[in-house]
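No lab work stands behind these numbers, since they all come straight from the coordinates. Here the structure is a predicted model, which means the values were calculated and not measured. No Cβ is skipped: glycine too gets one built from the backbone with ideal geometry, and neighbour counts run over all protein chains shown.
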Amino acid sequence: MTLELFITSALLGVGLAMDAFSVSIADGLTEQNMRKRKMLLIAGTFAAFQFMMPLAGWVFVRGLEGIFTSFQVLIPWIALILLLYVGGKMLLEGIAARREKAAAAIDAADALADPSQDASQVAESGAVTGMTTSAATGAALTFGALILQGIATSIDALSVGFAIAEYTSFTAFISALIIGIVTLAICIAGLALGRQIGSRLSGKAEILGGVILIAIGIEVWARGVFL
């Protein structure tokens, strides 16, 4: 493996991983207590898709170039739809959680103001408020949503098949592997950054995460359609 191949593949990996990095920040925002094992699962999923997509693109370009060229037009639209779905769902869940939190806080305040309420009822209202706050700041990312994120953030990597079309199968594999490793490292950093930021945002984290995913989807779509 030459130094040129390593540098080229690493730079491709950095460029391709930027969307996954942003999504990782959003995931970290919505689950501040995420364990290291889950961080590795999320980053590994993004890395696996970034590894597979360039290889799939290489296969398509080498064998089905005409079909792949036609399919390229759909790539930004697919990414947009997937990220709008996941981001929109996250945004709506965050808004619903904040409404529940506000309602629970009002109930607790009413309980304190009502002299007929005993201490146990007031404590129960406070417990409800605390559980709602916890739910708002710790929404877990489902496996299905993770797969959709992985596809949406890596589908544009199919186009790398054109850049590595002249590579042998072994060289293309090594290049895709480097891209995957770079993505893994960048996404772990994104998740860690998201957790740090999210711990300061309380119940707003899930809403911000949804907005970020929607913005990424629009950016990917605009980049693919207009550039």
**Asked** Does the range 5-100 classify as rounded, prolate or oblate by the C-alpha gyration tensor (a ≥ b ≥ c root eigenvalues; a/c under 1.5 gives rounded; else a/b over b/c gives prolate, otherwise oblate)?
**Response** oblate
**Cβ-defined net charge surrounding residue 30, 11 Å radius [Lys, Arg +1; Asp, Glu -1]** = -2
**Asked** Between residue 197 and residue 170, what is the spin-label point distance in nm, taking each point 7 Å from the Cα along the Cα→C-beta axis?
**Response** 4.3
**Request:** Just tell me which lysines come within less than 26 Å, Cα to Cα, of residue 101; anything on the same chain fewer than 8 places away is out.
**Result:** 89, 204
**Item:** Inter-probe distance in nm under a simple model that places probes 7 Å from Cα toward Cβ, at residue 222 and residue 177
**Value:** 3.9
**Asked** Which ³J(HN,Hα) values in Hz, rounded to whole numbers, follow from the phi angles of the range 96-106 under the Karplus curve 6.51 cos²θ - 1.76 cosθ + 1.60, where θ = phi - 60° and Gly and Pro get x?
**Response** 4, 5, 5, 5, 5, 5, 5, 5, 5, 5, 5
**Request:** Could you tell me which trypsin sites (Lys or Arg not before Pro) in the range 144-227 are loop residues by DSSP with no more than 16 other beta carbons within 10 angstrom of their beta carbon?
**Result:** 200
